[in-house]
Amino acid sequence: WKKTINVAVTGASGTIANHLLFMLASGEVYGKDQPIALQLLGSERSYEALEGVAMELEDSLYPLLREVSIGIDPYEIFAGADWALMVGAQPRGPGMERSDLIQKNGQIFQVQGRALNEVADRNCKVIVVGNPCCTNALIAMENAPNLPRKNFHALTRLDENRAKSQLALKAGKFYTSVSRVAVWGNHSTTQVPDFLNAKIGGLPAMNVIRDNQWFKEHFTPKVAMRGGALIKKWGRSSAASTAVSVADSIRSLITPTPPGDCFSSGVISDGNLYGIQEGLNFSFPCRSKGDGDYEICNDFIIDDWLRMKIKAAEDELIQERDCVSHLIGR
Ligand code: NDP
């Protein structure tokens, strides 16, 4: 047996976590030979619900699940965490401005970043799901100076998965034939699903779907608005597919990326690639050797249209960062 890994999950009584936790415990994410301990963070208001979640996990008799601990103190729950999956965030309420939400949630990620800094494993990998996830990941990272800056991810994999599904549907091909799909920028409506570099059956997507107008006028907004469209139908935001995309993100870091392929993740920009400003959490195409680490792909073609769209996403992320400058010491 491998050594047990400690996986901390915040917002653990919420809807996404309710899907995610059972995937983690089953072994389908970290592997069928990887024992796991789940450390679940809730709050006073959700404590009883959290106890219920822990009861359900215990009753599922997962052979790989070695321990479930619950609590409301991030310093306790993040102790020794090899992974921190940060799902918990305050939802946007009626009449709440986006900037108010950024402030409110920013404070949560400041506190939790500080806790990670003190008590998590020194190579803890962090995936931020709670919105606005890119800026929240930036805040957590800036408040955890003792952890590698590279290890902080914002979840943009759901956007990549949505883009792949739309390309497959349009081409009439199965989604496994779609590869090299990057989502650039922010997890918001300025996100840039990249059709220029995407491949279908190993060929450029634009050679398979010969309809330039469709890519710009239908594909791009459809992927960017998918979250909102789902809320309208379902009455709440995507949960199961979000949990699947968190699982995909983890697997992308612990299994080697196939040659020529990539996965999307919001990671720290060092200012050296694609002209993106240093110090932003920005979604890039990444590759991994499967050791939990990654590099940003440096061979993506950028045309004028893509550059313009990427710039708009960068501007939005700069604005978001400006809103929280007091939380990140800038
Ligand atoms: P839920 O409302 O079901 O759960 C959210 C959890 O967050 C709750 O369990 C709650 O737990 C916690 N929470 C609420 N307010 C606060 C607060 N003030 N401080 C700390 N924690 C809080 O939401 P979902 O599970 O559906 O979604 C969680 C987050 O994921 C949201 O921010 C959502 O926007 C985001 N999301 C991101 C996606 C992505 O692709 N990046 C896709 C879909 C959703 P408690 O009561 O214990 O505090």
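The values are calculated or read from the model by the stated rules, or taken from the named source; none is laboratory data. The structure displayed is predicted, hence computed values, not measured ones. Please note: Cβ atoms are built from the backbone with ideal geometry, for glycine as well, and neighbour counts cover all protein chains shown. The accessibility values were calculated without ligands, DNA or RNA, using every heavy atom of the protein model including side chains. Shrake-Rupley method; radii C 1.70, N 1.55, O 1.52, S 1.80 Å.
The residue list Asp261, Asp270 contains one member that is open to solvent by 10 Å² or more (accessible area, probe 1.4 Å) and more than 30 Å from Gly31 (Cα to Cα), which is Asp270. Check the stretch 87-98 and report whether any residue there is among the polar types (S, T, N, Q) and more than 9 Å from the ligand (Cβ to nearest atom). No, the conditions are met nowhere in the stretch 87-98. The one condition from (1) closer than 23 Å to Gly266 by Cα; (2) at pLDDT 95 or above; (3) part of a helix (DSSP H, G or I) that Trp214 does not meet is (1).
Does any residue of the stretch 59-68 turn out to be open to solvent by less than 20 Å² (accessible area, probe 1.4 Å), at pLDDT 95 or above and not in a loop (DSSP other than H, G, I, E, B)? Scanning the stretch 59-68, I find no residue that is open to solvent by less than 20 Å² (accessible area, probe 1.4 Å), at pLDDT 95 or above and not in a loop (DSSP other than H, G, I, E, B), so the answer is no. Glu316 meets all of the listed conditions (1) open to solvent by 60 Å² or more (accessible area, probe 1.4 Å); (2) in contact with a Gly (Cβ under 8 Å, 6 or more places away or on another chain) but one, namely (1).
Condition check ((1) among the β-branched types (Val, Ile, Thr); (2) open to solvent by 60 Å² or more (accessible area, probe 1.4 Å); (3) part of a helix (DSSP H, G or I)) across all residues:
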position	(1), (2), (3)
Ser249	no, no, yes
Ser252	no, no, yes
Thr257	yes, no, no
Phe282	no, no, no
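Screening the stretch 122-163 for residues that are in a strand (DSSP E or B) and in contact with a Gly (Cβ under 7 Å, 6 or more places away or on another chain) and picking the one that is farthest from Gln103 (Cα to Cα) gives Lys125.
Looking at Thr176, Thr190 in this structure, which one is among the hydroxyl-bearing types (Ser, Thr, Tyr), at pLDDT 95 or above and assigned to a loop (DSSP other than H, G, I, E, B)?
Thr190
Is it the case that some residue within the stretch 16-24 is of a type outside the set (Phe, Trp, Tyr), within 15 Å of the ligand (Cβ to nearest atom), farther than 23 Å from Ser252 by Cα and buried (at least 16 other Cβ atoms within 10 Å of the Cβ)? No: the stretch 16-24 contains no residue that is of a type outside the set (Phe, Trp, Tyr), within 15 Å of the ligand (Cβ to nearest atom), farther than 23 Å from Ser252 by Cα and buried (at least 16 other Cβ atoms within 10 Å of the Cβ).
Any idea which residue in the stretch 73-102 is most open to solvent (accessible area, probe 1.4 Å), counting only those that are among the small types (Gly, Ala, Ser) and over 17 Å from Leu38 (Cβ atoms)? Among them, the one singled out is Gly95. Whenever a residue of the stretch 153-176 is more than 9 Å from the ligand (Cβ to nearest atom) and acidic (Asp, Glu), its partners that are open to solvent by less than 30 Å² (accessible area, probe 1.4 Å) and not in a helix (DSSP H, G or I), lying with C-beta atoms within less than 6 angstrom and at least six residues away or across chains, give the pairs Glu160/Val181; Glu160/Val183; Glu160/Ser264. Reported count of residues in the stretch 210-237, each being surrounded by 19 or more Cβ atoms within 10 Å (Cβ to Cβ) and either hydrophobic (A, V, I, L, M, F, W, C) or within 14 Å of the ligand (Cβ to nearest atom) (or both), is 6.
Mind listing whichever residues of the stretch 21-53 are in a helix (DSSP H, G or I) and under 20 Å from the mean Cα position of the chain (by Cα)?
From the stretch 21-53, those in a helix (DSSP H, G or I) are 21-26, 47-53; that's our starting set.
Passing the criteria: Leu21, Phe22, Met23, Leu24, Ala25.
When the test is whether a residue is out of contact with any strand residue (DSSP E or B) (no Cβ under 8 Å at 6 or more places or on another chain), within 14 Å of the ligand (Cβ to nearest atom) and either modelled with pLDDT of 95 or more or open to solvent by 50 Å² or more (accessible area, probe 1.4 Å) (or both), Glu28 does not pass it. Of all residues in the stretch 177-203, those that are more than 16 Å from the ligand (Cβ to nearest atom) and among the small types (Gly, Ala, Ser) total 5.
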